[in-house]
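Worksheet: one structure, shown below.
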Amino acid sequence: MSSQDIPEENLPAEQDHHAHGAVSVADEKDPFSDPGLPPHEHRIQDIDERAAKRSERVVAMLFTVSMLATVGFIASYVTIPKDKSIFVFPIGHISALNFALGLTLGAALFCIGAGAVHWARTLMSDVEVADERHAISAPPEVKAKVLADFKQGAKESAIGRRKLIRTTMFGALTLVPLSGVVLLRDLGPLPGTSLRHTAWSKGKLLVNMNTNEPLRPSDVAVGSLTFAKPEGVEESQEDFQNVMAKAALMIIRLQPDNIKDKRELEWSHEGIVAFSKICTHVGCPISLYEQQTHHVLCPCHQSTFDLSDGARVIFGPAGHALPQLRIGVSEEGYLQALGDFDEPVGPAFWERG
């Protein structure tokens, strides 16, 4: 349908093309002329400073609630037990900690977003400005214009004049990242020197893993392989696996004349030697013993250690010898440790020095 077919009363009246908010009439030469913008309507905040102050207080309140929610997030993480559950209708029984963390963090993030939106819609300038398209490249004059526009936008945002909004916004944005920092606690405590120490200490008896009884020298036959744990460590303990991951011990009795390493002989008792059971490659438990050669083999990657020569590596990817535990005999005649391992057990780690 052409413009000639439209009733005259439905055609827009001609207006000044340069007036703000004017609507241009398409003609045959320019059927896609700029329709213009609707007349600008001032918001109440633009003409009433009391309304602007009310909006400012609302934004500040939202940012303040965000800060309080962040503090609540941290307090919930520290104080609520992880095994506590609560009933929330209609969800049912859920973790109290998860519910509190989700609620507080969601409130903190929502209030920052809501505050920013309310600030933009009520206090920042809402005048629409038409701009001509320009080339992709940015000549110096365009860069100067962008900088000028940025300064103008900063001025129109009233961030310099609205000190209450600025202060509470910076406070909310500063506290919210603390939620992520607190979650780093789930990585566990710093290791400190814990990787250098095990459950072994001076005077602790060597307890047979199979019988759960303390070992006497007579219980270990020549050529036999026995696995032991420290006295006082029980399988019913919650951290049993973590403790044994470092304290697992293998005991072998050799003829004293077959022990080549001087220190190994000094740290033994009547040919009974005690070495860590944890392979120094990737921490697999060593369980294969060759009686004739006095070699032990890790079943994971075939690292082989010579127990007659300080448990040094003779084959495979392991990087260093198995740590030895110095042992003796108690007054009651039981095998006992004379201290902890003199070096970290298991694979090498960054603190090894």
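Surface exposure of the chain, expressed per residue as accessible area with a 1.4 Å probe, stands at 63 Å². Taking 0.36 nm per residue of separation and subtracting the Cα-Cα distance, full extension of the segment from residue 170 to residue 137 would add 8.4 nm. Place +1 on the Cβ of every Lys and Arg and -1 on the Cβ of every Asp and Glu in the range 199-283, take the dipole about the Cα centre, and give the residue among 251, 214, 268 whose Cα lies farthest towards its positive end. Going by the charge dipole, the pick is 268. Relative to the longest principal axis of the Cα atoms of the chain, the long axis of helix 140-156 lies at roughly 90 degrees. Rounded to the nearest 0.05, the FRET efficiency derived from the C-beta distance between residue 163 and residue 94 at R0 = 51 Å is 0.75. A simple rule links phi to the HN-Hα coupling: the Karplus curve 6.51 cos²θ - 1.76 cosθ + 1.60 with θ = phi - 60°, which for the range 121-133 gives 7, 10, 10, 6, 4, 10, 6, 7, 10, 7, 9, 6, 5 Hz, with x for Gly and Pro. Other residues whose C-beta falls under 12 angstrom from the C-beta of residue 127 contribute a net charge of -4, scoring Lys and Arg +1 and Asp and Glu -1.
If each residue of separation counts as 0.36 nm, what is the full-extension length gain between residue 270 and residue 42 once their alpha-carbon separation is subtracted? Walk me through the numbers before you get to the answer.
Numbers: separation 228, 0.36 × 228 = 82.08 nm, distance 9.82 nm.
Answer, rounded to one decimal: 72.3 nm.
On a per residue basis, the convex hull of the C-alpha atoms belonging to the range 149-191 measures out at 95 Å³. The H on the amide N of residue 325, modeled in the peptide plane, is under 5 Å from the matching H of 274, 275, 276, each at least 5 residues off or on a different chain.
Counting DSSP beta bridges in the chain, what percent are antiparallel, to the nearest 5?
Numbers: 34 of 35 bridges.
Around 95 percent antiparallel, to the nearest 5.
Subtracting the Cα-Cα distance of residue 150 and residue 290 from 0.36 nm times their residue separation leaves 42.6 nm of extension gain. What is the calculated FRET efficiency for residue 331 to residue 221, with r their C-beta to C-beta distance and R₀ = 25 Å, to the nearest 0.05? With a Förster radius of 25 Å, E is 0.60.
In the chain, helices alone account for a calculated mean residue ellipticity at 222 nm of -10000 deg cm²/dmol, with every DSSP H run of four or more residues adding -39,500 (n - 2.57).
For the range 263-323, chymotrypsin sites (Phe, Trp or Tyr not before Pro) are listed when DSSP marks them as loop and at most 16 other Cβ atoms sit within 10 Å of their Cβ; the list is empty.
With everything on Cα atoms, drop me the angle between helix 49-79 and the longest principal axis of the chain, reported from 0 to 90° to the nearest 10. So the helix axis and the longest Cα principal axis differ by about 10 degrees.
What is the sum of charges around residue 42, taking Lys and Arg as +1, Asp and Glu as -1, for the other residues whose C-beta is under 12 Å from the C-beta of residue 42?
Values: positive: 43; negative: 41, 46, 48, 126.
Summing Lys/Arg as +1 and Asp/Glu as -1 gives -3.
Considering only GluC sites (Glu not before Pro) in DSSP loops that have at most 14 other Cβ atoms within 10 Å, the longest stretch of the chain without any of them is 133-233.
Counting only cysteine Cβ atoms and a cutoff under 4.7 Å, the chain contains unmatched residues 111.
If I compute solvent accessible area with a 1.4 Å probe over the protein chains, what percent of it on the range 85-229 is carbon and sulfur? Let's see the in-between values first.
On the way: 6390 of 9740 Å².
On the range 85-229, the fraction of accessible area on carbon and sulfur atoms equals 66 percent.
Once you list every other residue whose beta carbon is under 13 Å from the beta carbon of residue 275, what net charge do they have if Lys and Arg are +1 and Asp and Glu are -1?
Details: positive: 253, 263, 277, 312, 326; negative: 261, 264, 306, 309, 342, 343.
Neighbourhood net charge equals -1.
Relative to the longest principal axis of the Cα atoms of the chain, the long axis of helix 163-175 lies at roughly 30 degrees. Result for the chain in a Gaussian network model with C-alpha springs under 10 Å: among 246, 262, 229, the largest mean-square fluctuation is at 262.
The values are calculated or read from the model by the stated rules, or taken from the named source; none is laboratory data. This structure is a prediction, so every number in the text was calculated from the model and none was measured. Here Cβ is always computed from backbone atoms with ideal geometry, including for glycine, and neighbour counts include all displayed protein chains. The protein model used for the area step is the full one, side chains on, heavy atoms only, and it has no ligands, DNA or RNA in it. Shrake-Rupley method; radii C 1.70, N 1.55, O 1.52, S 1.80 Å.
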